[in-house]
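J.: Mind looking over this structure? Questions follow.
The values are calculated or read from the model by the stated rules, or taken from the named source; none is laboratory data. Source: prediction; values computed, not measured. Note that each Cβ is placed from the backbone with ideal geometry, even for glycine, and that neighbours are counted across all protein chains shown. Please note that ligands, DNA and RNA were not included when accessible areas were found on the heavy atoms of the full protein model with its side chains. Shrake-Rupley method; radii C 1.70, N 1.55, O 1.52, S 1.80 Å.
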Amino acid sequence: MTELTLLSAFLAGLLGSAHCIGMCGGIVGLLTMNLSDNVRQSFFRLLPYLLSYNLGRIGSYTLAGLCAGFLGAQFA
């Protein structure tokens, strides 16, 4: 049973990657293109923007997962 659960989780992540490429990639591309040229051309100037976006994205997915897990536990 554990192998089936791990396979299901892997496949859900793999199939969900299209969402990440299409939505998250487009948003990051748009936000990055709106930065000035001197920021975009330097990795170290661009790094705080990329870190803040990705930390916000990971934090919001974590919060959504916590809420869904809490609600699921209430009905279980």
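J.: Does C20 qualify as being of a type in the set (A, V, I, L, M, F, W, C) and at pLDDT below 85? Outline the logic, then answer.
T.: On the way: of a type in the set (A, V, I, L, M, F, W, C): yes; at pLDDT below 85: yes.
Yes: the conditions hold for C20.
J.: Six or more apart or on different chains, Cβ under 6 Å: which pairs go from a residue in region 6-34 that's closer than 23 Å to Y53 by Cα to one that's part of a helix (DSSP H, G or I) and at pLDDT below 85? Could you list them?
T.: none
J.: Pick from L46, L35: which is open to solvent by less than 90 Å² (accessible area, probe 1.4 Å), at pLDDT 90 or above and not in a helix (DSSP H, G or I)?
T.: Selected residue: L35, the only one of L46, L35 that is open to solvent by less than 90 Å² (accessible area, probe 1.4 Å), at pLDDT 90 or above and not in a helix (DSSP H, G or I).
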